[in-house]
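As structure tokens, the structure follows; a few thoughts come after it.
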Amino acid sequence: ARLAAVEEATTPLPSVGPAAEASPGGASALYDSISGANAVSLAPAMPQPPSPPTSPSAPAQPSQGERLSAVEAQLRKIFQSEEAQRAADASTPTARIAAQLQVDNYFFGQTPANRAAVGDIEDGTAFRRARFGWFGDYETTFYRIEMDFALSGRPSFLDVFGGVHDLPVVNNLRIGHFFEPYSLERLTSNRFVTFMERSLPDQPFAPGRNTGICANDWSENERVTWAYGVFRASSDAFGDNQSETDNSAVTGRLTWLPYFDEASGGRYYVHLGGAYSFRDSANYVASFASQPEARLGATSPNVPNFVNTGNIATNFYQLFGTEVAWIHGPFSLQTEFMWVPLDRRDGPDPSFSSYYITASYFLTGESRPYNRRLGIFDRVTPFEEFFRVRAADGSICSGWGAWEVAGRISYLDLNSAGIQGGELTDLTVGLNWYLTPSMRLTFNYIHAFLDSPVNGESSADIIGMRVGYEF
């Protein structure tokens, strides 16, 4: 009877496609069943009473040995089919899908002086991001193609590149359109940053995605990372760039983990980093501007720039950046400072600066994860995901996800050497609810202080809410 059960599982012989339907465990499960792993044994059965004599005309039944040989032959064919399928899969690049959706809602309150300085800001709702991407690898090569249908290009190029890993000296090499290696907050995915928008230094100073070539690697103990590359400094929404001048950039970043608690799985660590970029100005012009850490997707009119240098005749400029982060269990503290000197063509050389300080605390005990090979923050996974179900006895069982509170101060100074771009200080408080690792609700309140050399002091209050889902 036990041998018959194995015969039934292997007959008729399944092809490569339906094999999983005929035998859910595949050839390995069938082999286990014969060897006894699934409680099926071919050992001699206990003695049974003799069967009644059969009619002389009844056909001869195959012996147990013959039946076992037939099963083994079928198993060999299944193993061969599965091996052929694995070989076929290995000969083509893998393809996986990624997607992201963020919808925002904003309310704005302005003093009369702020309305006179920057104009009236209307409340609004917009899709901040609506992204689809494909990524995969083949042997030592990899690729990523990602588009956003909420940004101005509709769609806009995001990460669109190909690369090779395990190379001598450089290890990993990418060519295409992606973030330059500069700034902890910029390189950390928007899915994993604490607030709805990155801080004030990011928009005017941290390079965005540009077309270029970049190498990166890490130390054997994963305590040090480095990355460096050459880029076209002002690529548009499709990765294209044209300029009468060189308009190239050389950018590099170095990070170090002086302390990382292995025993706790990385709940306690210290991150230090520095970055530098040398950038030729496009057509001998540079400009820097920033919104007050709030924007309404790609709507027009959008949230206006509160500070703006206008166009500056410049040969080149440099970016200097420092990074510090301290994570102590559920508490985290991070800060960055950026300094930007310019080589001006028609006057004294100006320099601009900006910084932010962020503190956050997980009320539910989680900690901010860290990607040790890239030197950036990673996805927050709640200890208990959000759920609400009714039990058999009628009671309600619930899980509440992860809850995080956070505060931030950001400062940006665009006044220097006669250039009156203005000063902006933002105070932000936030609440994050991580329902699952893929879904998050974010609430931000921002108080923006504007000090304009032209229009004087003013302020605005901003309330923002976001629903985000990604995988």
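For F449, which of the numbered conditions (1) touching a residue at least 40 places away in the same chain (Cβ under 8 Å); (2) under 19 Å from T358 (Cα atoms); (3) aromatic (F, W, Y) fails to hold?
Of everything listed in (1) touching a residue at least 40 places away in the same chain (Cβ under 8 Å); (2) under 19 Å from T358 (Cα atoms); (3) aromatic (F, W, Y), F449 misses just condition (1).
In the range 215-233, is there at least one residue being open to solvent by 20 Å² or more (accessible area, probe 1.4 Å) and modelled with pLDDT under 95?
For the range 215-233, residues open to solvent by 20 Å² or more (accessible area, probe 1.4 Å) and modelled with pLDDT under 95: present.
Condition test on D413, is it surrounded by 22 or more Cβ atoms within 10 Å (Cβ to Cβ), touching a residue at least 40 places away in the same chain (Cβ under 8 Å) and of a type in the set (D, E)?
no
Which of the residues that make up the range 142-156 are touching a residue at least 40 places away in the same chain (Cβ under 8 Å) and open to solvent by 30 Å² or more (accessible area, probe 1.4 Å)? Walk me through how you get there before you give the answer.
Residues of the range 142-156 touching a residue at least 40 places away in the same chain (Cβ under 8 Å): 143, 146, 150-154, 156.
Passing the criteria: Y143, L151, S152, R154.
Restricting to the range 377-419, what's the tally of residues that are among the β-branched types (V, I, T), assigned to a strand (DSSP E or B) and closer than 29 Å to F331 by Cα?
Filtering the range 377-419 down to residues among the β-branched types (V, I, T) leaves 380-381, 389, 396, 405, 409, 419.
In the following step, the residues that additionally are assigned to a strand (DSSP E or B) were identified as 389, 396, 405, 409, 419.
The next check asks that each one be closer than 29 Å to F331 by Cα; those that pass are 405, 409.
Total meeting the criteria: 2.
Please verify whether the range 311-320 includes one or more residues that are open to solvent by 20 Å² or more (accessible area, probe 1.4 Å), closer than 27 Å to N371 by Cβ and either part of a strand (DSSP E or B) or modelled with pLDDT of 95 or more (or both). Let's see the steps before the verdict.
Within the range 311-320, the first condition is being open to solvent by 20 Å² or more (accessible area, probe 1.4 Å), and the residues that meet it are 311, 313, 315-318, 320.
Narrowing the set further to residues that are closer than 27 Å to N371 by Cβ leaves 320.
Next, from what is left, pick out any that are either part of a strand (DSSP E or B) or modelled with pLDDT of 95 or more (or both): 320.
Checked the range 311-320: at least one residue is open to solvent by 20 Å² or more (accessible area, probe 1.4 Å), closer than 27 Å to N371 by Cβ and either part of a strand (DSSP E or B) or modelled with pLDDT of 95 or more (or both).
Among the residues of the range 126-141, which ones are outside any strand (DSSP E or B) and open to solvent by 90 Å² or more (accessible area, probe 1.4 Å)?
Scanning the range 126-141 gives a single hit, E139.
Please enumerate the residues belonging to the range 219-255 that are within 21 Å of the chain's Cα centre (by Cα), aromatic (F, W, Y) and assigned to a strand (DSSP E or B).
The answer is W226, Y228.
Could you list, in sequence order, the residues of the range 259-279 that are in contact (Cβ under 8 Å) with a residue 40 or more places away in the chain, open to solvent by 40 Å² or more (accessible area, probe 1.4 Å) and either part of a strand (DSSP E or B) or over 15 Å from P369 (Cβ atoms) (or both)?
Across the range 259-279, the qualifying residues are Y268, L272, Y276, F278.
For the range 341-357, how many residues meet the condition of being open to solvent by 10 Å² or more (accessible area, probe 1.4 Å), among the small types (G, A, S) and part of a strand (DSSP E or B)?
The qualifying residues number 2.
Every residue, every condition in (1) open to solvent by 40 Å² or more (accessible area, probe 1.4 Å); (2) of a type in the set (F, W, Y); (3) in contact with a Gly (Cβ under 9 Å, 6 or more places away or on another chain), yes or no:
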position: A359; (1), (2), (3): no, no, yes
position: F362; (1), (2), (3): no, yes, yes
position: L374; (1), (2), (3): yes, no, no
position: D378; (1), (2), (3): yes, no, no
position: T381; (1), (2), (3): yes, no, no
position: I396; (1), (2), (3): yes, no, no
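Looking for something closer than 30 Å to T425 by Cα and within 32 Å of the chain's Cα centre (by Cα) - is there at least one such residue anywhere in the range 115-122?
In the first step, residues of the range 115-122 are kept if they are closer than 30 Å to T425 by Cα; the result is 115-122.
From the residues that got through so far, the ones that are within 32 Å of the chain's Cα centre (by Cα) too are 121-122.
Yes, the conditions are met somewhere in the range 115-122.
Can you find a residue in the range 102-125 that is free of Cβ contacts under 8 Å to residues at least 60 places away in the same chain, assigned to a strand (DSSP E or B), open to solvent by less than 50 Å² (accessible area, probe 1.4 Å) and within 30 Å of P292 (Cβ to Cβ)?
No, the conditions are met nowhere in the range 102-125.
Of all residues being in a strand (DSSP E or B) and hydroxyl-bearing (S, T, Y) in the range 425-463, which is modelled with the lowest pLDDT? Just the residue, please.
The initial filter retains those residues of the range 425-463 that are in a strand (DSSP E or B), namely 425-434, 439-452, 456-463.
Narrowing the set further to residues that are hydroxyl-bearing (S, T, Y) leaves 425, 428, 434, 442, 445, 452, 458-459.
Numbers: T425: 98, T428: 98, Y434: 98, T442: 98, Y445: 98, S452: 95, S458: 98, S459: 98.
Checked the range 425-463; the qualifying residue modelled with the lowest pLDDT is S452.
Residue under question is T358, and the condition is that it be under 23 Å from P453 (Cα atoms), touching a residue at least 12 places away in the same chain (Cβ under 8 Å), β-branched (V, I, T) and touching a helix residue (DSSP H, G or I) at 6+ places or on another chain (Cβ under 9 Å); does it hold? Spell out the reasoning first.
On the way: under 23 Å from P453 (Cα atoms): no; touching a residue at least 12 places away in the same chain (Cβ under 8 Å): yes; β-branched (V, I, T): yes; touching a helix residue (DSSP H, G or I) at 6+ places or on another chain (Cβ under 9 Å): yes.
The answer is no for T358.
Among what's in the range 157-211 and is open to solvent by less than 40 Å² (accessible area, probe 1.4 Å) and of a type in the set (S, T, Y), pick the residue that is farthest from F107 (Cα to Cα).
Y182
The values are calculated or read from the model by the stated rules, or taken from the named source; none is laboratory data. These numbers were taken from a predicted model, which means no experiment stands behind them. Virtual Cβ from ideal backbone geometry, glycine too; neighbours counted across all protein chains shown. Surface accessibility is based on the protein's heavy atoms, side chains included, excluding ligands, DNA and RNA. Shrake-Rupley method; radii C 1.70, N 1.55, O 1.52, S 1.80 Å.
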